[in-house]
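Below is one structure, written out as structure tokens, with a few remarks after it.
The values are calculated or read from the model by the stated rules, or taken from the named source; none is laboratory data. Note that the coordinates shown come from a computational prediction; the quantities given were computed from them, not determined experimentally. For neighbour counting, all protein chains shown are included, and Cβ atoms are generated from backbone atoms with ideal geometry for every residue, glycine included.
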Amino acid sequence: MLKLYMYQGCGSCRKAVTVLDAKRVDYTAIPIREQPPTRKELHEMLAAQDGNIRKLFNTTGGSYRSLNLKEKLPRLSLAEQIDLLAEDGSLVKRPFLIGDGVRLVGFQPAAWEAALS
């Protein structure tokens, strides 16, 4: 079973839903702001992103800017960065699809097509 962490107002999330539905993929939609990915899921996604933690952050979001994370992140440990993501779903790049060997963050049509084929 796949978990799709998403935000209803997110255009990329809606595109991801369209792809999942068109392919008749079984998934559970989870509101990312209210229920962020778990630390375990964040670590799994981090491994799928070759350890690049910045790929997990929604760098264009208001929370990221208001917390001045562009300046602060380089000084934080990996554990502290994971804690931030696990505590504030607004900081997590979306859509965030995880489960059954699939690890996708952000919506890149070609990557989603390849992973779900």
**Complete:** Filtering region 63-117 down to residues that are of a type in the set (Asp, Glu) and either touching a residue at least 24 places away in the same chain (Cβ under 8 Å) or not in a helix (DSSP H, G or I) (or both) yields Asp83, Glu87, Asp88, Asp100, Glu113
**Message:** Quick test for you: out of Lys40, Lys15, pick the one residue that is surrounded by 10 or more Cβ atoms within 10 Å (Cβ to Cβ) and touching a Phe, Trp or Tyr at 6+ places or on another chain (Cβ under 8 Å).
**Reply:** Lys15
**Request:** Could you tell me which residue of region 18-66 is modelled with the lowest pLDDT, considering only residues that are under 16 Å from Gly106 (Cβ atoms) and of a type in the set (Ser, Thr, Tyr)?
**Result:** Thr60
**Members of region 88-110 that are hydrophobic (A, V, I, L, M, F, W, C) and modelled with pLDDT under 95** = Ala110
**Asked** Looking at (1) modelled with pLDDT under 95; (2) more than 18 Å from Gly9 (Cβ to Cβ); (3) crowded, with 17+ Cβ neighbours inside 10 Å, can you tell me which one Leu85 breaks?
**Response** (1)
**Selected residue [out of contact with any strand residue (DSSP E or B) (no Cβ under 6 Å at 6 or more places or on another chain) and buried (at least 20 other Cβ atoms within 10 Å of the Cβ)] from Leu67, Leu73, Leu97, Leu46** = Leu46
**Prompt:** Only one residue in Ala16, Ala47, Ala29 is small (Gly, Ala, Ser), in contact (Cβ under 8 Å) with a residue 60 or more places away in the chain and not in a loop (DSSP other than H, G, I, E, B), so which one is that?
**Reply:** Ala16
**Item:** Subset of region 10-32 [within 11 Å of the chain's Cα centre (by Cα) and not aliphatic (A, V, I, L, M)]
**Value:** Cys13
